[in-house]
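The values are calculated or read from the model by the stated rules, or taken from the named source; none is laboratory data. This one's a predicted model, so the numbers in the text were calculated from it and none came from an experiment. Here the Cβ positions follow ideal geometry from the backbone for every residue, glycine too, while neighbour counts run over all protein chains shown. With ligands, DNA and RNA removed, areas are computed over all heavy atoms of the protein, side chains included. Shrake-Rupley method; radii C 1.70, N 1.55, O 1.52, S 1.80 Å.
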Amino acid sequence: MSRELQLRAATAEDFAWIHELRHRVYAEELGQHAPDPTGRLRDGLDGDNVYLVVACGAARIGFVSLTPPWTGRYGLDKYLTRDELPLLTEGDVFEVRILTVEPRRRATAAAPLLMYAALRWIAARGGRRVVAMGRTELLDMYLSAGLRPSGRAVRSGAVTFEVLTGGVGELTRIAMDRHRTSVERLRSVVDWRLDVPFAPGPDGCEHGGASFTAIGTDFRTLHRRHEIVAADVLDAWFPPAPGCGRRSRRTRCGWRGRRRRPVPRDCRRRSPRPGGSRPRHSRSVPARPIWSSGRSAGG
């Protein structure tokens with residue numbers, strides 16, 4: 001069935017449009033930033049953040065930026081210190097920024113879809129709290145979604161933002177209860193191409209390797225395996241076969257062999273190291289590891 005909208009993670013081909021739309025909206029329309037002769041507005045977090053894009057056919061119509069906690073910095077750091085906004089020092093805080101829609105598409109479902117997609121992406125990666133900057137003129141929209149003022153406001157150029165926050169669990173409950181009709185309407189019009197199901201399971205659990213995504217699918221935060229309780233239906237509570245892995249890998253193989261491995265599209269494309277280069281002596285890993293578990297329930 002043909003769907004009106006497509007929701008996906010951004011690719012390298014999207015960045016020129018993202019920078020151009022940011023310039024049109026935040027420099028030319030709102031006056032938050034000074035106009036740039038190039039007609040593009042780049043972001044200091046580019047490369048560490050994640051963009052989600054909504055498109056209608058071949059036309060891109062909106063995007064949102066997500067800052068994971070493992071980047072070690074947030075966009076809000078430009079405006080407030082950690083003493084002024086202590087919640088940024090907590091673990092598992094994801095930042096949602098730059099929710100932007102093409103002017104002629106602002107009356108469509110693009111903005112709510114991007115907000116909902118951001119919540120699902122964060123939930124799948126173990127996020128417990130969201131922090132966002134919302135323009136004061138749009139405050140009612142953010143409050144309706146369940147976000148609450150933190151007591152801090154920042155001004156950037158001609159624009160005033162309210163710093164908002166909310167628990168991922170509570171925001172999910174509000175989306176699935178208070179806004180269920182709207183969420184189902186979004187489901188009916190979107191070609192959902194993220195590596196997380198459109199909706200949480202009926203029991204609220206993220207089945208199918210969620211313990212792995214909570215730790216971080218790009219392997220930069222593997223130490224978090226000691227902090228995550230594995231409760232997926234396919235996560236085993238018993239040790240793997242004795243021959244699993246070499247002696248040098250035994251400390252991790254026992255943990256890894258009991259987890260159902262998800263295969264997100266964006267994980268396979270990303271570099272395993274922040275700098276983008278591989279160690280000189282590294283070897284490629286097969287696309288289907290020999291210790292991979294079976295399929296998720298439901299295929």
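Tabulated data for the structure shown
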| read-out | value |
| --- | --- |
| Residue satisfying all of: in region 183-194; closer than 11 Å to Leu7 by Cα and touching a helix residue (DSSP H, G or I) at 6+ places or on another chain (Cβ under 7 Å); surrounded by the fewest Cβ atoms within 10 Å (Cβ to Cβ) among these | Leu194 |
| Residue tally, condition surrounded by 14 or more Cβ atoms within 10 Å (Cβ to Cβ) and either under 18 Å from Ala27 (Cβ atoms) or among the polar types (S, T, N, Q) (or both), over region 133-159 | 6 |
| Flag if Arg104 is surrounded by fewer than 17 Cβ atoms within 10 Å (Cβ to Cβ) and either within 23 Å of Arg24 (Cα to Cα) or at pLDDT 95 or above (or both) | yes |
| Filter result (free of Cβ contacts under 8 Å to residues at least 40 places away in the same chain and touching a Gly at 6+ places or on another chain (Cβ under 9 Å)) within region 58-68 | Ser65, Thr67 |
| Answer residue from region 1-18, given it is within 20 Å of Ala111 (Cβ to Cβ) and assigned to a helix (DSSP H, G or I) and is most open to solvent (accessible area, probe 1.4 Å) among those | Trp17 |
| Residue in region 57-70 that is under 29 Å from Arg128 (Cβ atoms) and surrounded by fewer than 18 Cβ atoms within 10 Å (Cβ to Cβ) present | yes |
| Residues located in region 19-42, provided they are without any contact (Cβ under 8 Å) to a residue 60 or more places away in the chain, surrounded by 17 or more Cβ atoms within 10 Å (Cβ to Cβ) and either part of a loop (DSSP other than H, G, I, E, B) or aliphatic (A, V, I, L, M) (or both) | Ala27, Arg40, Leu41 |
